[in-house]
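Before any comments, here is the structure.
The values are calculated or read from the model by the stated rules, or taken from the named source; none is laboratory data. Computed from a predicted model, the values in this text were never measured in an experiment. Quick reminder, even Gly has a Cβ in these numbers, built from the backbone with ideal geometry, and neighbours come from all protein chains shown. Each accessible area value is taken on the protein alone, full model and side chains, heavy atoms only, with ligands, DNA and RNA left out. Shrake-Rupley method; radii C 1.70, N 1.55, O 1.52, S 1.80 Å.
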Amino acid sequence: MRQPSPACSLKGQAIAQWAYPDPALRGSDIDVLVATRDAADGLARQLCDSGHELSQPSGDRFVQEMMLRREVAPGVWVEIDLHCRVINSPLFSERFTFDELMAESIALPRLGANARGLGPAHAFIHACMHWAATLAVGAEIRLKWLYDIPAFAKVFTKTDWQHLQQLAVERGLAGVCLGMIEAAQATFGADFVAVPADLTTALREAARHESLDVTRLRDWRYMQLQAFLAQPTARLRARYLWQRLWPSRDYMAYLYGRQDLGYWGLIGIRIKTAFRRFLGQKVSG
């Protein structure tokens with residue numbers, strides 16, 4: 001019998017199991033990380049066979065997750081995002097490998113006998129990368145995402161904080177982590193978001209030497225350039241640019257909420273949206 005591919009639960013479903021006193025306090029869709037695109041394709045086929053609908057991803061350099069959903073009751077949908085990278089952002093997707101994340105993953109017995117989730121430090125950093133990636137595409141930050149930071153702070157040990165600092169500095173994510181910590185403190189208050197002072201001091205110092213300016217996450221032109229430069233080779237940069245310019249019809253229909261339009265109608269929306277963003281105008285999607 002074929003053995004199932006290893007997988008790791010991400011974001012709210014996993015965090016709720018150990019960072020919140022009651023998992024029901026942290027609602028979320030289902031996010032699952034697998035090792036490769038082939039593994040994601042295989043799992044997606046199985047889910048489609050069981051009645052899920054697939055929104056086809058758009059290129060391996062541009063979109064690195066597969067979105068599926070199934071109607072379980074009239075008007076009630078369960079959504080599953082299959083990730084073949086830890087985050088669907090070209091800026092951060094290569095910062096951690098699947099193997100190292102699995103090596104430090106933790107058991108989530110309330111989700112299942114073999115369920116695994118990111119370890120505490122990786123889960124914290126993943127939340128911060130997700131926050132930064134959301135700002136970079138001009139979307140709004142949800143309050144529950146910011147509340148994850150004080151939830152982490154209540155259960156983190158001294159070892160967890162030390163490991164978080166080491167990873168954030170080592171992977172060039174000090175500014176991103178500091179940015180989300182400060183956003184959470186601005187929302188809930190510094191006393192409520194009890195992050196060690198030596199951690200924020202170390203993150204602030206390390207952030208000064210990082211190439212990504214976290215204060216410009218909402219600057220669309222700056223972030224497009226950073227995403228392009230994040231591609232490791234000229235060939236991959238060219239492939240990323242092509243996929244960015246000509247994404248799939250399913251991806252654009254999902255992004256713009258226009259299932260009624262064909263490919264070229266959606267391309268028209270994409271061009272108009274990009275032009276407005278280039279001019280610095282606020283747009284959704």
Problem set entry | Amide H contacts under 5 Å for Gly172, placed H, 5+ residues apart | none
Exercise. Over segment 153-243, what relative contact order in percent results from Cα pairs under 8 Å that are six or more residues apart?
Worked result: 28 percent
For this session: Taking percent of Cα pairs over 33 Å apart as the quantity of interest, determine which of (1) 20; (2) 23; (3) 30 was computed from the displayed structure.
Result: (2)
Seminar exercise, completed: In whole angstrom, largest first, the equivalent ellipsoid semi-axes that the Cα gyration tensor gives for segment 110-202 are 19, 17, 15
For this session: Please give the direction-averaged projected area of the C-alpha convex hull for segment 162-219, in square nanometres with one decimal.
Result: 4.0 nm²
Exercise. So how far apart, in nm, are the two label points at Thr159 and Val76 if each is 7 Å from Cα heading toward Cβ?
Worked result: 4.1 nm
Exercise. Mean separation of Cα pairs under 8 Å and 6+ residues apart, divided by the residue count of the chain: what relative contact order is that in percent?
Worked result: 17 percent
For this session: Take each of the peptides 87-97, 162-172, 198-208, 103-113, average the number of other beta-carbon atoms within 10 Å over its residues, and list them starting from the highest.
Result: 87-97, 162-172, 198-208, 103-113
Exercise. Accessible area per residue, 1.4 Å probe, Å², for the chain: what's the number?
Worked result: 52 Å²
For this session: For segment 23-140, just the Cα atoms, rotate onto the principal axes and tell me the three extents in Å, largest first.
Result: 38, 34, 31
Exercise. Can you tell which of Gln185, Gln259, Gln224 shows the greatest fluctuation in a Gaussian network model of the chain with Cα springs below 10 Å?
Worked result: Gln259
Problem set entry | Share of carbon and sulfur in the accessible heavy-atom surface of the chain [1.4 Å probe, %] | 55 percent
Seminar exercise, completed: For Arg95, the residues 5 or more places away or on another chain with a placed amide H closer than 5 Å to its own amide H are none
Problem set entry | CD proxy at 222 nm, helix term only [per DSSP H run n ≥ 4: -39500 (n - 2.57); per residue of the chain; nearest 500] | -15500 deg cm²/dmol
For this session: List every residue whose amide H lies under 5 Å from the amide H of Leu108, counting only residues 5 or more places away in sequence or on a different chain, with H placed 1.01 Å from N in the peptide plane.
Result: Ala115, Arg116, Gly117
Problem set entry | Lysine pair number, Cα distance threshold 26 Å (strictly under), the chain, separation 8 or more or different chains | 7
Exercise. How long are the three semi-axes of the equivalent ellipsoid of segment 207-285, in whole Å, if each is the root of 5 times an eigenvalue of the C-alpha gyration tensor, listed from largest down?
Worked result: 26, 17, 10
Exercise. How far is it, in nm, from the label point at Tyr254 to the one at Glu100 when both lie 7 Å from their Cα along the line to the Cβ?
Worked result: 2.8 nm
